[in-house]
Amino acid sequence: MQDDLISFKHGIRFECQGSGKCCVSRNSYGFVYLSNIDIKRFSKFFKLSVKAFKKKYCQITDGFIHLTERKELNGNCIFLKNKMCTVYKSRPSQCRTWPFWNDNMNSKVWNEDISVNCPGIGKGKIITQTKINKLLKEDFDNEKLILKNRVNPVK
Ligand code: SF4
């Protein structure tokens with residue numbers, strides 16, 4: 001809802017603190033969903049065909065492709081090692097745009113979840129309104145690509 005949106009006309013201070021907290025499934029932040037662009041980027045990074053990458057690193061839930069989750073990792077991303085992303089240069093759009101997701105920009109979610117769980121909020125340099133808008137646009141476009149990438153929609 002419009003009146004719930006947080007204001008960022010003066011930007012928001014944010015700098016990743018390497019906590020790895022955004023790389024762990026919790027509540028609504030479950031899977032790392034992948035668009036075709038993400039998959040192609042990863043395939044190149046791992047020097048695998050798209051098919052081989054999907055087979056090795058992906059699962060499908062409700063028709064949506066996402067990075068495989070392994071029970072033994074307790075929700076940690078398969079690419080998180082010692083709180084560091086081991087595929088940082090090739091990380092998916094979902095990770096590139098964090099924490100500036102459209103779904104995060106309302107005061108309830110931002111104040112009660114994002115700011116509480118992400119130690120990077122309020123640290124480092126100010127991310128300008130222009131930059132935030134760019135990230136929100138990327139997040140929006142990424143969601144559309146993920147929807148387009150859906151396979152075998154639930155009947
Ligand atoms: S790909 Fe990297 S940044 Fe994204 S959730 Fe996994 S470890 Fe975190």
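A few remarks follow.
- Any hit, segment 4-19, residues being assigned to a helix (DSSP H, G or I) and surrounded by 13 or more Cβ atoms within 10 Å (Cβ to Cβ): no
- For segment 20-40, taking the residues that are among the charged types (D, E, K, R) and modelled with pLDDT of 90 or more, the one that is surrounded by the most Cβ atoms within 10 Å (Cβ to Cβ) is identified as Asp38.
- From the list Ile121, Ile65, Ile146, the one residue that fits, being aliphatic (A, V, I, L, M) and over 14 Å from the mean Cα position of the chain (by Cα), is Ile121.
The values are calculated or read from the model by the stated rules, or taken from the named source; none is laboratory data. The shown structure was predicted, so the numbers you read here are calculated from the model rather than taken from an experiment. We place every Cβ from the backbone using ideal geometry, glycine too, and count neighbours over all the protein chains shown.
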